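Notes to accompany the following structure.
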Amino acid sequence: MSILGDRWTMLVVREAFAGTTLFDEFVAYTGATPQVISERLKRLVEAGIFETRAKDKGRGSEYVMTEMGRDLHPIISTIIVFGDKWLSDGKGPPQVTRHVGCGCVTAPRLACSECGEFVSPANLTREPSPAMQRYRARMLTAASK
């Protein structure tokens, strides 16, 4: 997750999900300096999260999310729900998420891909793969030396 590891990158990705594609808009909507946005966009393009496309009429380029970038949607949505609940200034969320299908304001929730039941830490377990078990054993051994 080193790709998303800082505040400005997360804000750039959030803005892309809101439809932002132009460099000047990323600067304006995030409050970051042009230098910071330039570096973050470069990193996101190199990582395969964004790609650049020529704007209509050939004047400059725009930044659009790749399939890999769009797969970040559940992560960003969950962080937004968290922020709206725990980091609110008492004025309510700065924006709402509306489900186009039914027209209702919604808060996305995670569900099991197999049965559709909503999931939470209370009804999930993590099972490390054999490779992860070996890695963790090596890390534990190295830490105890």
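The values are calculated or read from the model by the stated rules, or taken from the named source; none is laboratory data. From a predicted model like this one, the values you see are computed outputs, not experimental measurements. A quick note on method: Cβ atoms are made from the backbone with ideal geometry, for glycine too, and the neighbour counts reach across all protein chains shown. Please note that ligands, DNA and RNA were not included when accessible areas were found on the heavy atoms of the full protein model with its side chains. Shrake-Rupley method; radii C 1.70, N 1.55, O 1.52, S 1.80 Å.
Just a few scattered comments:
- Calculated FRET efficiency, Ser120 to Trp8, Cβ-Cβ distance, R0 = 25 Å: about 0.25 to the nearest 0.05.
- For the stretch 98-144, the alpha-carbon coordinates run over 55, 21, 18 Å along the three principal axes, in decreasing order.
- Accessible surface of the chain [probe 1.4 Å, protein heavy atoms]: carbon and sulfur percent: 56 percent
- Taking every protein chain into account, the accessible area of the stretch 9-116 amounts to 68 square angstrom per residue (probe 1.4 Å).
- Where the alpha-carbon atoms of the stretch 1-81 are placed on the principal axes, they occupy 37, 27, 22 Å, in descending order.
- Computed over the alpha carbons of the stretch 40-87, Rg followed by Dmax gives 14.1, 44 Å.
- Over the stretch 1-62, relative contact order from alpha-carbon pairs under 8 Å, at least 6 apart, %: 29 percent
- Note on Val105 and Thr52: the model spin-label points, each 7 Å out from Cα along the C-beta direction, lie 3.9 nm apart.
- Only one of [x] 13.8; [y] 8.5; [z] 13.0 was calculated from the structure for mean projected area of the Cα convex hull in nm², and its label is [x].
- Take every pair of alpha-carbon atoms less than 8 Å apart whose residues are at least six positions apart; their mean separation over the length of the chain yields a relative contact order of 13 percent.
- Top of Pro130, Pro108, Pro94 by mean-square fluctuation, Gaussian network on the chain, Cα under 10 Å: Pro130
- According to the Cα-based calculation, Rg over Rh for the stretch 72-124 is 1.01, with Rh computed by the Kirkwood formula.
- Relative contact order, percent, the stretch 54-112 [alpha-carbon distance under 8 Å, six or more residues apart]: 23 percent
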